[in-house]
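Let me begin by presenting the structure, written as structure tokens, before commenting on it.
What follows is calculated from the coordinates using simple rules that are stated; it is not laboratory data. Keep in mind that this is a model prediction, so the values were computed, not measured. Glycine also receives a Cβ, built like all others from the backbone with ideal geometry; neighbour counts cover every protein chain displayed.
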Amino acid sequence: MDSLTALLQSVDFSPLIISLKTGIAATIISFFLGIFAARKVLRAGRHVRAVIDGILTMPMVLPPTVAGFFLLLTFSLRRPVGSALYEHFGIRVVQTWLGCVLAATIISFPLMYRNARAAFEQIDVNLVYAARTLGMSETAIFWRVILPAAGPGVVSGTILTFARALGEYGATSMLAGNIQGKTGTISQKIAMVMQNGDYAAAGFWVVIVMVIAFIIVVATNLVTSSKMKEAKRF
Amino acid sequence: MALEVRIKKKLNRFLLDVAFEAGDGVFSLLGASGCGKSMTLKCIAGIEKPDEGRIVLDGRVLYDSEREIDLPPRKRRVGYMFQDYALFPNMTVLQNVMAGMKKPENGRPDGDGGDGRPKRLFLRKDRRRSEAAALEKAEDILRRFHIYELRDIYPAKLSGGQKQRVAMARLIAQEADVLLLDEPFSALDSHLKWQLEQEMKQTLEGIGRPVVFVSHDRDEVYHLAHRICCISSGRSQKTMPVKAFFENPGTAEGAVLSGCKNVAAASPEGSHALRVREWGITLNVRREIGAEISAAGIRAHAFSRVRRASDDNVIPVLDPFVLEDPFEWTISFRAAEGGGTLQWKVPKAVMKDAEIPPELYLDSDAVMLLSRS
């Protein structure tokens, strides 16, 4: 028992904190951006829609290192945009927590966007028409009719987004690096300790990640199933 | 109060070309499914946009292609009841009914009142008072529709009839200037339909606003509507009082929609006889036949087994085929060798067993004189 306490005290929990913070921040950003994009894309014409949809989905199908490449190409301090941001606004993306969030957001955004879009596409269009004839404003219709009706899809999209953001590795390691206590996320920690063949330390973090993921999924299932009972969609 | 509609819209299979005027009372658009009835309602509500035309409600122009007026749905004050009722699944019955009620923070229905000044501000006290008034009003309406005890239930748990009552309550609470009902009974079981038709009739009685009621069911229309306009393949026909329409629909399309089973092209032979080549017979007609007459209609119930004094048409019955319904016989037969079939219906109370007579008799006034629209 004492040895366990000692072990826990000796562990640096910063990867957990950083991963959670990154995941939450990226999810919040993706949530609003994804819903916004889904709404805009659905209203666009057929051809525009196909192209925009393709671009927005790219980060999901490409290796994260490709996203990392483009992010570095943009935000590296040796590139125009990155240096301008740093000089004029003091904003630094490379090797910072901001970089973690940016990388995780880019990579997880398509999950939110696609799930939100699929959920919106399945809404009974008569509900929206009815709301319009009832005199509701477009904003009210979105928050009171469309979003609740798309609820289960949006919730599951959010969860997947969070899970993906939490575990992001490729783009993050390129953009933000693995600075302990600053940008060192759990996935980077696992990769790092495994290079030294330290199965014990890696296993510890693997268990933590698995527990978090499991809790999230079960919790969502509980939340959505209680909602589903009331909506009884099937 | 009146609603004037004159619109054209190119659809996939045909051109929608509808013109009618609905005053107070229930106005019915009768047509087969897919004939453009629902599209007409959607254009009135502003959900769909016609290609050209004009829609005026109580002197307010809702749509005018020439003057480029096209009010958005929420400014039209048009109440729309959808075929599937479109109740919001995430709102309780009470919230659904209140969804269309005007709220104080929305200001006047037409925004700033047109004087350019910002919306009127409400004091918190006023807001609370008007919210309480709105709730009270909504609860009154719930009671009126016998759904007060369902107020906290979500639509998924309601039966078809209850859903319809909630949709109707929401429509009434909205206080729209015109009510559009899109096949309100089609989602209901037939045993529920009867009672809800009665309730609907009571609700619509003396409502003091135009009601446009879309249906493909002639019985519903006969029960509820005062005036009727047929639509076939997108084209609206003359508006007629309901009783007159069922006596003589005037057009071949109208006759079919009114439930007449026997309609065929016919050509006048003199002023009091019609030759129906399809059936291979000539029908005697008491009224004088106008030049526009090009078709004849005979209701399936109009034939008689027993010759009455006024029956001056004798129709042979060849190749009869009997179909037994619960309470009546439906017999299809030919009036001539190789001719098209006619349909005769007779209640079992009148003819206990299916004894097919060699010939049937028809009053010369029972022949409907029809034109092509």
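Within the range B:9-26, work out how many residues are in contact with a Ser or Thr (Cβ under 8 Å, 6 or more places away or on another chain) and among the hydrophobic types (A, V, I, L, M, F, W, C).
5
Would you call residue B:306 under 26 Å from residue B:172 (Cα atoms) and either β-branched (Val, Ile, Thr) or in a loop (DSSP other than H, G, I, E, B) (or both)?
Answer is no for this residue.
How about the range B:75-86: which of its residues are within 8 Å of chain A (Cβ to nearest Cβ), closer than 24 Å to residue B:139 by Cβ and out of contact with any strand residue (DSSP E or B) (no Cβ under 8 Å at 6 or more places or on another chain)?
B:86
Taking the range B:61-74, which residues are in contact (Cβ under 8 Å) with a residue 12 or more places away in the chain, more than 8 Å from every other protein chain (Cβ to nearest Cβ) and surrounded by fewer than 21 Cβ atoms within 10 Å (Cβ to Cβ)?
Within the range B:61-74, B:65, B:66, B:70, B:71 qualify.
Quick one: which of B:191, B:146 is in a loop (DSSP other than H, G, I, E, B) and away from chain A (no Cβ under 14 Å)?
Within the list B:191, B:146, the selection yields B:146.
Exactly one of (1) at the interface with chain A (Cβ under 9 Å from one of its Cβ atoms); (2) over 23 Å from the mean Cα position of the chain (by Cα); (3) of a type outside the set (D, E, K, R) is unmet by residue B:46. Its number?
(2)
Checking residue A:170 against (1) touching a Ser or Thr at 6+ places or on another chain (Cβ under 7 Å); (2) of a type outside the set (Phe, Trp, Tyr); (3) within 14 Å of chain B (Cβ to nearest Cβ), only one condition comes out false. Which one?
With (1) touching a Ser or Thr at 6+ places or on another chain (Cβ under 7 Å); (2) of a type outside the set (Phe, Trp, Tyr); (3) within 14 Å of chain B (Cβ to nearest Cβ) applied to residue A:170, the lone miss is (3).
Within the range B:181-198, take every residue that is surrounded by 16 or more Cβ atoms within 10 Å (Cβ to Cβ) and farther than 13 Å from residue B:81 by Cα and give me the one that is nearest to the chain's Cα centre (by Cα).
B:197
What helices (runs of 4 or more DSSP H), lying completely within the range A:11-119, carry at least 2 residues that are buried (at least 18 other Cβ atoms within 10 Å of the Cβ) and in contact (Cβ under 8 Å) with a residue 12 or more places away in the chain?
So the answer is A:14-43, A:46-61, A:64-75.
So, in the range B:29-55, exactly how many residues are out of contact with any Leu (no Cβ under 7 Å at 6 or more places or on another chain) and part of a strand (DSSP E or B)?
Residues that pass the stated criteria total 4.
Mind checking which residues of the range A:134-186 are part of a helix (DSSP H, G or I) and among the charged types (D, E, K, R)?
Hits for the range A:134-186 are A:138, A:144, A:164.
Kindly evaluate residue A:187 against the criterion of being among the polar types (S, T, N, Q) and free of Cβ contacts under 8 Å to residues at least 24 places away in the same chain.
Against the criterion (among the polar types (S, T, N, Q) and free of Cβ contacts under 8 Å to residues at least 24 places away in the same chain), residue A:187 does not qualify.
Of the residues B:212, B:263, B:166, which single one is touching a helix residue (DSSP H, G or I) at 6+ places or on another chain (Cβ under 9 Å), within 14 Å of another protein chain (Cβ to nearest Cβ) and over 20 Å from residue B:39 (Cβ atoms)?
When all the criteria are applied, what remains is B:166.
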